[in-house]
Amino acid sequence: MSFKESSDRFLDVFTSIRTPVDAFVYGPIVDYLRERQSLVEADVLLQFIENGGELLMFDCREAESDELSKHFIYQNIPFVAMRTESGRVGFFYRIYDRDAVEQIKRDFLRMKMHYCLNIDYRKQKKENVGKHLLAVSNLTKAEALILFRLCDESCNGDKISVSEMEDGTYTVVFSEDTVEKGFLGKLIIRMYLEAKGLFADTNCSIQLAAEKTDLTVAKDVLAAVADYGTRKFIVGTGEHYIQFDAQGFVFGRAERRENKTVDLISEQEFNRYEPDYDRNLRKCLEQIPYATVLKMGDAIRQLSDPNDTGLVQSRSRDQLIVQRMETELTDKLDEIVSEKIKDDDVMNVAGHHDEKLFHYLTEAANLLDDARISMTLIDEAMTASLNRQILPKELEPVVPLGYSKDDVDSLMIIAKKTGVSLEAYKEAISGFWHTEITYFKVYE
């Protein structure tokens with residue numbers, strides 16, 4: 001969920017850093033970490049505490065805690081997240097990770113400010129008469145949704161259409177203003193790495209499930225808001241809930257007991273005749289992760305055991321680490337290719353955005369494919385060699401015209417440090433080459 005209003009909408013996402021963490025908090029943290037010592041991050045944090053290291057901590061709204069955890073994993077920062085008495089989530093981390101964590105928080109809030117609008121294609125054409133549109137076609141539904149999600153994390157108010165074609169494929173259409181921002185090629189690369197690379201099946205199923213959940217929840221929430229005569233609850237995977245009645249709604253949280261029963265504690269009440277009713281409802285909804293509408297009995301069961309839900313599909317730690325690698329690979333590939341082609345004739349003429357994008361993706365495909373071939377040959381030689389420290393000279397990396405050995409090496413290093421073979425991305429690279437791109441002017 002993106003913050004689509006001004007910055008004051010998300011000032012309460014984080015509270016101030018508390019330093020140092022109160023001594024009485026360390027006991028539960030140490031117990032928690034010892035139970036999970038098999039995880040590298042937990043073991044590192046435990047040893048840090050036992051050697052006298054100090055922790056810092058900040059509070060986060062529970063709706064953002066899961067997504068924020070990914071950023072800590074991406075940056076290799078050991079942490080522990082624990083729920084606070086107020087229903088928020090506390091993130092504990094080493095004192096010398098302070099600057100890195102502050103940067104994560106800034107980047108996270110900046111990303112949440114970005115959003116794009118999924119509009120109907122006919123409306124998109126009507127709004128762009130006399131201008132050009134660019135279509136990326138022949139995508140699967142999951143690929144189209146992943147591409148839209150990546151745009152949602154990068155754009156700022158851009159209007160994009162996602163349409164199903166008669167043959168069952170999907171087309172994503174962008175305005176010329178969006179294309180001229182220059183990041184579309186990079187997002188297409190990132191999309192293919194996720195949708196056709198390692199863990200592709202999991203990534204696609206998560207994206208499809210998220211869309212289905214979003215559509216169902218949006219429909220159910222609208223119905224619950226309109227149906228004042230029936231008591232309905234909106235709950236998620238956290239402790240907060242919204243309860244509707246004839247007067248309006250109550251925003252509260254559930255206090256769980258050891259026998260899995262819960263007490264519902266009202267925090268705020270809102271009358272449906274108040275002028276800010278809709279705005280307050282949106283703000284409360286933003287604090288409920290994976291929100292869904294349930295009747296009272298089902299809502300109580302959900303609040304008593306929020307982890308027992310079919311709503312949520314999440315990535316494992318290994319999958320998150322691979323996702324981080326794919327992002328790093330995309331960034332490095334974009335950096336190298338953009339520098340290499342910046343003076344090419346096609347890149348320095350007005351318009352022709354289909355040719356520019358095709359040129360960029362072809363160069364990226366050639367470079368990454370040669371890195372894949374090189375890595376595969378070297379890995380095979382290492383396996384077959386009796387002396388694993390010496391490689392035959394003829395197995396030097398394959399370097400495409402216009403690039404350097406360092407360029408190829410840098411891509412292999414990114415994959416190798418995560419323990420991933422670029423061979424897993426052969427199909428993704430094929431996607432770069434075969435992307436269908438159409439650039440056309442809209443007439444009345």
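The values are calculated or read from the model by the stated rules, or taken from the named source; none is laboratory data. The shown structure was predicted, so the numbers you read here are calculated from the model rather than taken from an experiment. FYI the Cβ positions are ideal-geometry reconstructions off the backbone, even for glycines, and counts take in every protein chain you see. Note: areas computed on protein heavy atoms with side chains; ligands, DNA, RNA excluded. Shrake-Rupley method; radii C 1.70, N 1.55, O 1.52, S 1.80 Å.
What does the highest-first list of 62-72, 434-444 look like by mean Cβ count within 10 Å? Write down the numbers at each step before the final one.
Values: 62-72: 18.9, 434-444: 13.4.
Listed from highest to lowest mean packing, they are 62-72, 434-444.
Using the Cβ atoms and a cut-off under 12 Å, what net charge is assigned to the surroundings of Asp276, where Lys and Arg are +1 and Asp and Glu are -1?
Local net charge: +2.
For region 50-168, just run the numbers: alpha carbon Rg, then divide by 2.2 N^0.38 Å, N being how many residues it has.
Values: Rg = 20.2 Å, N = 119, 2.2 N^0.38 = 13.5 Å.
Ratio of Cα Rg to 2.2 N^0.38 Å: 1.50.
Give me the net charge for the shell around Gly252: Cβ to Cβ below 12 angstrom, other residues only, Lys and Arg +1, Asp and Glu -1.
Numbers: positive: Arg253; negative: Glu239, Glu255, Asp263, Glu267, Glu269.
Taking every Cβ under 12 Å from that of Gly252, the sum is -4.
List, in the order given, every pair from Lys126/Lys356; Lys131/Lys332; Lys181/Lys283; Lys141/Lys426 whose Cα-Cα distance in the structure shown is over 23 Å. Write down the numbers at each step before the final one.
Details: Lys126/Lys356 25 Å; Lys131/Lys332 33 Å; Lys181/Lys283 31 Å; Lys141/Lys426 20 Å.
The answer is Lys126/Lys356; Lys131/Lys332; Lys181/Lys283.
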Query - Local net charge near Thr169, Cβ-Cβ under 10 Å (Lys/Arg +1, Asp/Glu -1) - result: -4
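Determine the shape class of region 55-119: with a ≥ b ≥ c the square roots of the Cα gyration tensor eigenvalues, call it rounded for a/c under 1.5, and otherwise prolate if a/b is greater than b/c, oblate otherwise. Mind dumping the intermediate values first?
Working: a/c = 2.38, a/b = 1.42, b/c = 1.67.
Oblate, since a/c reaches 1.5 and b/c is not below a/b.
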Query raised in the report: Under 20 Å from the Cα of Lys123, which aspartates and glutamates turn up, not counting those fewer than eight places away in the same chain?
Result: Asp152, Asp158, Glu164, Glu166, Glu176, Asp177, Glu444
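Could you please put Leu133, Leu294 in sequence from largest to smallest accessible area, using a 1.4 Å probe?
Numbers: Leu133 0, Leu294 45 Å².
Sorted descending by solvent-accessible area, the residues read Leu294, Leu133.
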